[in-house]
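The structure appears right after this line, and notes come after that.
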Amino acid sequence: MASALFSPIRLAGLDLANRIVVSPMCQYSADDGSATDWHLTHLGALANSGASLLVVEATGVERRGRITHGCLGLYSDDNEAALARVLAHCRRYSGAKIGIQLAHAGRKASARRPWEGGQPLAAAEDSWETIAPSAIPFGPGWPPPREMSPDDLERVRDAFVAAAKRALRAGVDAVELHCAHGYLLHSFLSPISNKRKDAYCGAMSARMRYPLEIATAVRAAVPKRMPLGARITGNDWQEGGLTPADAVTFAQALKDVGVNFVCISSGGISTDARPSLVANMNVEFAKKVKKETGIATRVVGLIARPKQAETIIAEGHADMIALARAMLDNPHWGWQAAQVLGAEVVRPKQYERAAPSLWAGATYGD
Ligand SMILES: Cc1cc2nc3c(=O)[nH]c(=O)nc-3n(C[C@H](O)[C@H](O)[C@H](O)COP(=O)(O)O)c2cc1C
């Protein structure tokens with residue numbers, strides 16, 4: 001039987017050859033927001049992973065929206081030119097479609113790179129003021145962010161639109177909004193981090209207001225044929241936080257403003273969140289969102305084996321699978337999955353001789 005994982009899917013006007021997506025992954029290797037040669041290496045390799053869609057890492061829509069000094073941004077002409085160079089490089093050697101995740105780190109900004117400990121920057125490290133819905137720190141040892149004023153709300157909304165326009169000029173095929181992992185838009189959605197006294201807080205409908213304003217504004221800037229998506233939270237994994245039912249409510253509202261797909265992730269809202277780190281950890285949430293809203297649904301989180309991914313798609317729990325660490329570990333994950341599942345994948349001509357039909361020695365586990 002034909003593989004479900006390797007069946008095509010259309011998002012808005014974009015045709016994807018299969019259901020495999022390279023999840024956005026921060027590389028902490030940018031220079032004041034501009035992609036570097038590391039991005040040529042990293043994205044250039046993953047553009048030939050066999051995934052039909054490669055999503056560029058969380059990209060700060062304003063300078064202070066970066067997580068670390070090394071995070072990618074799209075707030076300057078230099079950032080835009082550097083991204084365009086990397087995308088042109090990927091296109092030269094790969095037919096994979098390329099998306100970008102637009103983000104604002106909110107109260108989790110101004111941090112050290114993971115390999116420097118990931119803690120908040122000290123003043124001597126050129127730290128910056130963070131902003132959030134409410135002046136509640138991410139956790140012990142984190143500085144309280146400044147509560148966003150109406151001017152901040154407008155500036156950041158405009159920054160999302162401006163960054164989307166820069167991404168279009170740089171040549172992306174799809175745009176995604178980061179509404180998960182405790183960053184700014186997630187922190188508006190979650191009752192853990194949003195305690196405002198204005199129209200952006202209270203019931204879920206009020207907490208969704210700001211992310212939906214941004215989705216609506218970005219939708220207006222992105223051509224209809226181009227998919228707009230959002231990574232959302234399936235579960236805050238914390239008492240009093242967002243639940244799978246909230247994910248359904250938010251996904252439906254996103255769909256209503258013209259968002260074409262969601263990616264279901266979870267966790268990250270505070271240092272107290274206790275995610276259940278088991279295989280397929282977000283699949284139940286994705287299944288619920290897909291069933292109850294009908295929006296094209298991607299799922300991510302501890303999916304690493306081809307047959308595991310195949311089952312999720314074949315059983316209709318999700319429409320697409322995003323993989324992060326499995327792709328770093330094996331940048332040809334999709335090629336090997338194709339072999340395991342008896343499917344075809346396009347290789348660059350330089351690597352065609354590695355096709356299993358030409359190389360009897362190739363066998364991979366499932
Ligand atoms: C190095 C690294 C960087 C990441 N950066 C991002 C990011 O930029 N945006 C995002 O939404 N998730 C990010 N994540 C989370 C992954 O996209 C993914 O959701 C998570 O790792 C779970 O999937 P996995 O089990 O396939 O790794 C990152 C993960 C890793 C390992």
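Of all DSSP-defined beta bridges confined to the chain, some 10% are antiparallel rather than parallel. With both labels modelled 7 Å from their Cα along Cα-to-Cβ, the Arg155 to Ser357 distance reads 5.8 nm.
Is the shape of the stretch 1-130 rounded, prolate or oblate, going by the alpha carbon gyration tensor and its root eigenvalues a ≥ b ≥ c, with a/c under 1.5 for rounded and a/b larger than b/c for prolate? The shape class here is prolate. Accessible surface area normalised per residue over the stretch 118-248 is 38 Å², counting heavy atoms of protein chains with a 1.4 Å rolling probe. Electrostatic tally near Gly258: other residues with Cβ closer than 15 Å to its Cβ, Lys and Arg +1, Asp and Glu -1, net +1. Once you have a ≥ b ≥ c as the square roots of the Cα gyration tensor eigenvalues for the stretch 64-222, tell me rounded if a/c is under 1.5, and otherwise prolate or oblate according to whether a/b is larger than b/c. Oblate. Modelled spin-label separation between Arg325 and Ala88, with each label point placed 7 Å from Cα along the Cα-to-Cβ direction: 3.7 nm. State the Cα centre-to-centre distance between the stretch 289-307 and the stretch 143-203 in whole Å. Answer, in whole Å: 24.
Expressed as a fraction of 2.2 N^0.38 Å, the C-alpha radius of gyration for the chain is 0.95. With the helix formula -39500 (n - 2.57) applied to DSSP H stretches of n ≥ 4, the chain reaches a computed 222 nm mean residue ellipticity of -9500 deg cm²/dmol. Helix 244-256 and the longest principal axis of the C-alpha atoms of the chain enclose an angle of approximately 80°.
The C-alpha atoms of the chain define a longest principal axis, and helix 209-221 lies at about 50 degrees to it.
Taking chymotrypsin sites (Phe, Trp or Tyr not before Pro) across the stretch 86-185, the ones in a DSSP loop with at most 16 further Cβ atoms lying within 10 angstrom of their Cβ are Trp128. Between Lys197 and Ala314, the simple spin-label model (points 7 angstrom out along Cα→Cβ) gives 5.8 nm.
Rounded to the nearest 20 debye, the dipole magnitude of the stretch 143-300 is 460 debye, with +1 charges on Lys and Arg beta carbons, -1 on Asp and Glu beta carbons, and the Cα centre as origin.
With point charges of +1 on the Cβ of Lys and Arg and -1 on the Cβ of Asp and Glu, referenced to the Cα centre of the stretch 207-366, which listed residue (Tyr351, Met327, Phe250) lies farthest in the positive direction of the dipole? With unit charges placed on the Cβ atoms, the residue in question is Tyr351.
The values are calculated or read from the model by the stated rules, or taken from the named source; none is laboratory data. Remember, predicted model here, so these are calculated numbers, not experimental data. Ideal geometry is used to build each Cβ from the backbone, glycine not excepted, and the neighbour counts take in all protein chains shown. Only protein heavy atoms, including side chains, enter the accessible area calculation; ligands, DNA and RNA are left aside. Shrake-Rupley method; radii C 1.70, N 1.55, O 1.52, S 1.80 Å.
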